1. Under 16 Å from Val246 (Cβ atoms), polar (S, T, N, Q) and either in contact with a helix residue (DSSP H, G or I) (Cβ under 8 Å, 6 or more places away or on another chain) or surrounded by 15 or more Cβ atoms within 10 Å (Cβ to Cβ) (or both) - does that describe any residue in region 70-81?
2. How about region 125-218: which helices (runs of 4 or more DSSP H) wholly inside it have at least 2 residues that are aliphatic (A, V, I, L, M)?
3. If I filter region 251-263 for residues that are in contact with a Leu (Cβ under 8 Å, 6 or more places away or on another chain), part of a strand (DSSP E or B) and of a type in the set (Gly, Ala, Ser), do I get at least one hit?
4. Across region 173-206, what is the number of residues that are touching a residue at least 12 places away in the same chain (Cβ under 8 Å) and more than 18 Å from Gly237 (Cβ to Cβ)?
5. If I filter region 242-258 for residues that are loosely packed, with under 15 Cβ neighbours inside 10 Å and modelled with pLDDT of 95 or more, do I get at least one hit?
6. Only one of Phe183, Phe204 is surrounded by 24 or more Cβ atoms within 10 Å (Cβ to Cβ) and modelled with pLDDT of 95 or more. Can you tell me which?
7. Consider region 25-54. How many of its residues are under 16 Å from Phe13 (Cα atoms), touching a residue at least 60 places away in the same chain (Cβ under 8 Å) and among the aliphatic types (A, V, I, L, M)?
8. Going through region 227-275 one residue at a time, which ones are aromatic (Phe, Trp, Tyr) and without any contact (Cβ under 8 Å) to a residue 60 or more places away in the chain?
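The values are calculated or read from the model by the stated rules, or taken from the named source; none is laboratory data. Predicted, not measured: the structure shown is a model, and the values here were computed from it. Reconstructed Cβ throughout: ideal geometry from the backbone, glycine too, with neighbour counts over all protein chains shown.
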Amino acid sequence: MSIRFIQMADPQFGMFSSISKLTEEEAISRSREGLTLRYVEQEFDGFAPETQLFSKAIRYANEYKPDFVVMCGDMVHEADSEDQRNELFRITSQLNKDIPIYWVAGNHDVGNTPTASTLNAYRELYGKDNYAFQMENYYFIAINSSVCSDPSLVPEEWDSLIGFLEIELKKASNMNATHKVVFLHHPLFLETSDEPDNYFVIPFQRRQEIISLLDQNKASAVFSGHLHRNNYRNIKGIEYVSTGPVGYPLADDPSGIRIVDLDVTGLRHHYLSLE
């Protein structure tokens, strides 16, 4: 049996408006960090661009009829914005009721340094932030990478997460799952698994703990977002895929979604532009 899912990431309602309000100095600073900012003639409020893009993403999902949709984090730009969140959920409600959507926590949803309060608020809105599910002989695991990135205020959450990941990967191995796929927001790395720490990736020590579990259990793929661009690596037979944003891009890749097909012969995916 084959499985098709659509991966989305970073609709981030409110980001277009936030970028439009950057000063020239702030825009130059971000460009020096390697980010590509799109020219906006004048600043504006609201989230009309995100509404248009996410609505198109949902229409595509309804046309492609995947087994599920997974949203890999940064659903909104400001976690406490009820307006941004309401628009996210309004458009999500247009997804065919036969297609489940799975939420994955991003740093804009729980903070760069999560707290007990931000995690509880997220769980009340979106449900569990670490969970697993199975379809036929395919095993899927979602984890909260903001906890992996900086658990300094919630160290017990990291202990719980890494223990959870180990248990679920072992379950998948014991049942001889055809594919074991992990979803998170931050990529584990960009180029190599031993690269230096930076804002965009999981810090080395915790990164290595996660990768060790992935290697031991022969995971098929890890899908992430966060970069607002695409990034691909294959190391030891594991595909590490960062998918561009539904919302505001920060590189040459357009806003888009990823179509993923799994079967006994392997895993195939392609990026579908929303522009």
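1. The answer is no, given that none of the residues of region 70-81 is under 16 Å from Val246 (Cβ atoms), polar (S, T, N, Q) and either in contact with a helix residue (DSSP H, G or I) (Cβ under 8 Å, 6 or more places away or on another chain) or surrounded by 15 or more Cβ atoms within 10 Å (Cβ to Cβ) (or both).
2. Passing ranges, in order: 155-174, 204-216.
3. yes
4. 11
5. The answer is no; no qualifying residue exists.
6. Within the list Phe183, Phe204, the selection yields Phe183.
7. 1
8. Going through region 227-275, the residues aromatic (Phe, Trp, Tyr) turn out to be 232, 240, 248, 271.
Scanning region 227-275 gives Tyr232, Tyr240, Tyr271.
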